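Participant: If you scroll down you'll find the structure; I have some questions about it.
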């Protein structure tokens, strides 16, 4: 069950990342330049097929003009901001 939860979390983070990137009209190349994360890794992350470090996620969130927490789904254990 843990693998499913982790996989679902990765897919949701990827979907939120994709939404933010597209909203800005930003391609993988530009996001890669801003974050120093390879384009292929960004694409795989958006598909929920890989993970990156917290530092990479922070750089991605900043480049997408959003917060790290906005990339994660809300749940019953998510503290109120």
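Participant: With axes computed from alpha carbons, what is the tilt in degrees of helix 54-63 against the longest principal axis of the chain, rounded to the nearest 10 within 0 to 90?
Facilitator: So the inclination is approximately 60 degrees.
Participant: Next question. Using only the C-alpha atoms of the chain, find the volume of their convex hull and express it per residue in Å³. All intermediate terms of the calculation are to be shown ahead of the outcome.
Facilitator: On the way: hull volume 7.2 nm³, N = 81.
Given the Cα convex hull of the chain, per-residue volume reads 89 Å³.
Participant: Take every Cα pair under 8 Å in the chain that's 6+ residues apart, average their separations, divide by the length, and report that relative contact order as a whole percent.
Facilitator: Rounded, it is 38 percent for the chain.
Participant: Tell me the mean residue ellipticity at 222 nm calculated for the chain from its helices only (DSSP H runs of n ≥ 4, each -39500 (n - 2.57), averaged over every residue, nearest 500). Walk me through the numbers on the way to the answer.
Facilitator: On the way: 4 runs with 48 residues, N = 81.
Helices in the chain give a 222 nm mean residue ellipticity of -18500 deg cm²/dmol.
Participant: Quick check: pseudo-label points 7 Å beyond the Cα along Cα→Cβ at residue 44 and residue 69, how many nm apart are they?
Facilitator: According to this spin-label approximation, the distance is 3.0 nm.
Participant: How much length is gained on full extension from residue 51 to residue 19, taking 0.36 nm per residue of separation minus their Cα-Cα distance? Before the final figure, lay out the partial values.
Facilitator: Values: separation 32, 0.36 × 32 = 11.52 nm, distance 1.76 nm.
Once the chain is fully extended between residue 51 and residue 19, it gains 9.8 nm.
Participant: How far is helix 2-23 tilted, in degrees, relative to the longest principal axis of the Cα atoms in the chain, given as a value from 0 to 90 rounded to the nearest 10?
Facilitator: 40 degrees
Participant: Based only on other Cβ atoms within 10 Å, what is the fewest-to-most ordering of 49, 16? Before the final figure, lay out the partial values.
Facilitator: On the way: 49 13, 16 18.
By the 10 Å Cβ count, ascending: 49, 16.
Readers should treat all values here as calculations from the given coordinates under stated rules, not as data from a laboratory. What you see is a predicted model; the values in this text were computed from it and never measured. No Cβ is skipped: glycine too gets one built from the backbone with ideal geometry, and neighbour counts run over all protein chains shown.
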